[in-house]
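Report on the structure given below.
The values are calculated or read from the model by the stated rules, or taken from the named source; none is laboratory data. All of these numbers come straight from a predicted model, not from anything done at the bench. Using ideal geometry, Cβ is built from the backbone for each residue, glycine included, and neighbour counts are taken over all protein chains shown. The area values use the complete protein model at the heavy-atom level, side chains included, leaving out ligands, DNA and RNA. Shrake-Rupley method; radii C 1.70, N 1.55, O 1.52, S 1.80 Å.
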Amino acid sequence: MLLCDFHIHTKYSDGSVELRKTIDIFGQAGFDVIAITDHVVNGDNGIGKLAHRFKLSVTAANFEEYISNIKYEAERAWDKYEMLVIPGIEITKNYITPEKSAHILIIDIKDFIPACMNYEKIFLEAKQQDALVVACHPHNMSDMSRDTLFLWNNREKYAKYIDAWEIANRDGVFNVISLKKYPYIANSDFHRARHLYSWKTLLNCEKNIDSIKKCIRHNKGVAITLFRN
């Protein structure tokens, strides 16, 4: 089984750890597969504009640099740890109310996708890139984080576009995902080094991107584990 974490932030958005150090933290901990998924924040309201002002978002202007650096670190990670590193982003639509807010992981992204596009366009663009689409922390959070409930509340409309839902995020577990029998994964939502110790995904597949995406989409050979020190 491959030990995986598909939801990781660095200093390219609101993470506190540099990209290279993040790679080393996971590599030294024995992970097989990770995805770097820094925020791409919507800039069409006051909350988003603040995020852009304080450089808490990947943008169209630095996306190529972001992807290039991930790919460079991915080569180092494979040589040093035999760890697969996948480039991704977290589409971050933040609004005042949780009912309007949604976060979406786009894993194995190739071209920039702005967060200000409507949901259908985001999902279709991700599909054209053959990227994995994951609904982040889609239900009520157990800690003090802001809830993002839009995708869950509108699941009848959008579930067909979503490859997997986070059934666990950091220390929180969303039982409603299993009750609906949706495909699932579990992630750390890593922002700080201590977040390494959290829920993770186990995959029974080969260690390559195509096998990993197929395993998650079919949701066969997928398990979750609580990774502790």
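Note on the chain: with neighbouring protein chains present and a 1.4 Å probe, carbon and sulfur make up 51 percent of its accessible heavy-atom surface. Largest GNM mean-square fluctuation across 156, 18, 206, computed for the chain with C-alpha springs under 10 Å, falls on 156.
A 1.4 Å probe run over the chain, with the rest of the protein chains in place, finds 46 Å² accessible per residue.
Each label point was placed 7 Å from the Cα along the Cα-to-Cβ direction; for residue 100 and residue 20 their separation is 4.2 nm. At a Förster distance of 35 Å, what's the computed FRET efficiency of residue 147 paired with residue 80, Cβ-Cβ distance as r, to 0.05? Plugging the Cβ-Cβ distance into 1/(1 + (r/R0)^6) gives 0.40. Calculated FRET efficiency, residue 118 to residue 11, Cβ-Cβ distance, R0 = 30 Å: about 0.55 to the nearest 0.05. Partners of residue 71 within straight-line reach, counting lysines whose Cα lies under 27 Å from its Cα and excluding those fewer than 8 residues away in the same chain: 11, 21, 55, 80, 93, 110, 121, 127, 200, 207, 213, 214. Given axes a ≥ b ≥ c from the Cα gyration tensor, I'd like to know whether segment 2-226 is rounded (a/c under 1.5), prolate (a/b larger than b/c) or oblate. Rounded is the answer for segment 2-226, as its axis ratio a/c remains below 1.5.
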